[in-house]
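The values are calculated or read from the model by the stated rules, or taken from the named source; none is laboratory data. This one's a predicted model, so the numbers in the text were calculated from it and none came from an experiment. Note: ideal-geometry Cβ built from the backbone for every residue, glycine included; neighbour counts use all protein chains shown.
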Amino acid sequence: MFENMFRMDGKVAVVTGAAFGIGRSFAIGLAEYGAHVVCLDRNRERLDETVGLIRQSRNSAEAIVGDVADEKSVAANWAEIAAAHKRIDILINNAGIATKVVRTHEFDIEDWDRLMAINLRGVFLTTQQALKLMLPGPGSIINIASIAGLLGYWPGFPALGINYSTSKAGVVGFTKQVAAEYAKEHIRVNAIAPGWHGGTDLGAARRSSLTPDDIARFEKSIGDRIPMGHRAKPDDLVGLAVYLASDASHYVTGQVIAHDGGWSEIVA
């Protein structure tokens, strides 16, 4: 009775930010469970690597180069998806960036605007187009938030950018509103809030402006605070994404699920 509840055979999934890191893991994971995955990213070379990895396992995927922050690019990308597939069943809004980290009173307005365009406006633009291809339903939208959008963190030095935290809090509110609007059509909208995961490029801007001693202090502050005692890897998120994308979670919508080794609920 339950053996096929996680299968996604015949379904079309779109994963933004699929060229590397968590997005690549999501794309490979959905393909392993039978979905045809449209991998979308700005980085053509690494995007092709993702598609190649999926096809090596005899699963189905394609690459589309696009920028979620650019309205014209989003419209063109989704016109291509509509022409090829008519409808989609699953969307993972994963594309996102981080910038260098300083305290709020020192923050660069350009960094604020650049990040918001991708991390929040991009989620809106992409979801708007995806809904048109999901209606009249059903469907599943998974937004990637962060525990940074659920609570603040100050270990005595800058560890989170105010722009990143704010954008992810916005993703949480966006998730709940869209879930409410489309529940009757059985289009489910949920968010995953990862903790301090390694193996991504999000920390590159921060690391580039820090000394080796600063980086070591940051890593220690994070490791000491995680109740499970270690940071997660991108592949650790795949099981949760498969659950939310598949019929296994057919009665789950409007939820924000932390994936953080106990960070947000347990005092280490």
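Pairing each residue of segment 246-268 that is at positive phi and at pLDDT 95 or above with any residue that is surrounded by 12 or more Cβ atoms within 10 Å (Cβ to Cβ) and assigned to a helix (DSSP H, G or I), provided the two are 6+ apart or on different chains, yields C-beta distances under 8 Å for Gly254/Thr175; Gly254/Lys176; Gly254/Ala179; Gly254/Ala180. The strands (runs of 3 or more DSSP E) found wholly in segment 16-112 and carrying at least 3 residues that are without any contact (Cβ under 8 Å) to a residue 60 or more places away in the chain occupy 36-41, 61-65. Of the residues examined, Glu219 is not one that is of a type outside the set (Ser, Thr, Tyr), surrounded by fewer than 17 Cβ atoms within 10 Å (Cβ to Cβ) and not in a helix (DSSP H, G or I). Of all residues in segment 1-15, those that are of a type in the set (S, T, N, Q) and not in a loop (DSSP other than H, G, I, E, B) total 0.
A quick yes/no check of all residues on (1) crowded, with 22+ Cβ neighbours inside 10 Å; (2) under 21 Å from Lys132 (Cα atoms); (3) in contact with a Cys (Cβ under 7 Å, 6 or more places away or on another chain):
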| position | (1), (2), (3) |
| --- | --- |
| Ala31 | yes, no, no |
| Leu47 | yes, no, yes |
| Val65 | no, yes, no |
| Glu71 | no, yes, no |
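Here is the figure for segment 244-258: residues that are in a helix (DSSP H, G or I) and crowded, with 18+ Cβ neighbours inside 10 Å total 3. Checked against (1) surrounded by 20 or more Cβ atoms within 10 Å (Cβ to Cβ); (2) under 16 Å from Asn143 (Cβ atoms), Gly261 passes all but a single condition, namely (2).
Scanning segment 89-103 for residues that are more than 19 Å from Asp67 (Cβ to Cβ) and touching a strand residue (DSSP E or B) at 6+ places or on another chain (Cβ under 7 Å) yields Asp89, Ile90.
Taking segment 74-105 as the search range and keeping residues that are polar (S, T, N, Q) and under 15 Å from Val14 (Cα atoms), which one is farthest from the chain's Cα centre (by Cα)?
Asn77
Residue-wise test of (1) touching a residue at least 40 places away in the same chain (Cβ under 8 Å); (2) under 19 Å from Gly17 (Cα atoms); (3) not small (Gly, Ala, Ser).
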| site | (1), (2), (3) |
| --- | --- |
| Thr127 | yes, yes, yes |
| Ala130 | yes, yes, no |
| Gly139 | yes, no, no |
| Ile142 | yes, yes, yes |
| Ala145 | yes, yes, no |
| Ala159 | yes, no, no |
| Gly170 | yes, yes, no |
| Lys184 | no, no, yes |
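Annotation: of all residues in segment 130-162 being of a type in the set (S, T, N, Q) and part of a strand (DSSP E or B), the one that is surrounded by the most Cβ atoms within 10 Å (Cβ to Cβ) is Ser140.
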